[in-house]
1. Arrange K166, K131 by Cβ neighbour counts within 10 Å, fewest through most, would you?
2. What ratio of Cα Rg to 2.2 N^0.38 Å holds for the stretch 1-105?
3. Using Cα pairs under 8 angstrom and six or more residues apart, how large is the relative contact order of the stretch 142-181, in percent?
4. Provide the per-residue ³J(HN,Hα) series for the stretch 150-167, in order, calculated from phi with Karplus coefficients 6.51, -1.76, 1.60 and θ = phi - 60°, each as a whole number of Hz, with x at glycine and proline positions.
5. Of G92, G62, G22, which has the largest mean-square fluctuation in a 10 Å C-alpha GNM of the chain?
6. Using the eigenvalues of the Cα gyration tensor, what equivalent ellipsoid semi-axes result for the stretch 68-133 when each is taken as the square root of five times the eigenvalue, whole Å, largest first?
7. Taking just the C-alpha trace of the stretch 4-63, give me its Rg and Dmax in Å.
8. I need two numbers for the stretch 142-181: Rg to one decimal and Dmax as a whole number, Cα atoms only, in Å.
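We did not get these values from a lab; they are worked out from the coordinates using the rules stated. These numbers were taken from a predicted model, which means no experiment stands behind them. Heads up, the Cβs are rebuilt from the backbone with ideal geometry, glycines too, and the neighbour counts pull from every protein chain shown.
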Amino acid sequence: MIDWITGKICEKEATRLVLENGGIAFSINIPLSTYEALGDIEDEEKIFIHLSFSHEKLELFGFKSLEERNFFRDLLIVQGIGPRTALRIISGTDFIEFKRAIANEDIETISFIKGISQKRASKLIFELKEKYAKEEFPDESLESNTIRALIGLGIPERKARELVRKVKAATLEDMIKEALKRL
C-alpha cells in the first residue's frame, strides 16, 4: 500500500497532478481543494495517496491532507459511490460542511453537489450518519457564512462557492465585499 508520495511537481491541472520521485512520474487524480493548495511546478509536495484497482486498472487518488483522504475513504464505503464520484463530492463541497450536512440529515445541501440526486443523498445520509453524528464540528466557517450571505444577495450557490474560493479576508464583511468585486 502507498500511504503518501513526496516529489517534485511536474504537471498540475485542476483534477490531475504529476509528481516525480526517484525518476518515476506518478499521475495522480486530485480534487480541486488539493489543486488549490499545491505549490508551483518544480516545488516539492507531499500528497496522501489512495490506490484504487478497478476494471483491471490501477489509479492513484491524492490529497493534500490526511483528513481529506480519510473523508474520501469514508465515501467509498457507501455502495454505489466509486472513486470518481467521491472525488467529485470532495471537489464540490468543503468536507466539514458535508459531514455536518450528513449529521443534520440535510438532503438539500448534499443533493446540490453535481451528480448527487436526492435519492443518492438519502443513501449517503443513511450510510454515514452514525459515523458523523458523534463528531463535533467547528463553528460555521467564515467561508460558509460568506457563501450564505452571497446566496442571500441572489448569487447562485455554485457561483458563490467559486467566488469565496478566490477570496481571503479576516472578516465576513470584507469577504463579502471582495467576493462582490470579483463578480
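1. Ascending Cβ contact count within 10 Å gives the list K166, K131.
2. Numbers: Rg = 13.8 Å, N = 105, 2.2 N^0.38 = 12.9 Å.
Against the empirical 2.2 N^0.38 Å value, I get 1.07 for the stretch 1-105.
3. Working: 28 pairs, mean separation 16.3, N = 40.
The value is 41 percent.
4. 5, 4, x, 8, x, 8, x, 4, 4, 5, 4, 4, 4, 4, 5, 4, 8, 10
5. G22
6. Here the semi-axes work out to 14, 13, 12 Å.
7. When restricted to the Cα atoms of the stretch 4-63, Rg and Dmax are 10.9, 33 Å.
8. Calculated on Cα positions, Rg and Dmax stand at 8.4, 23 Å.
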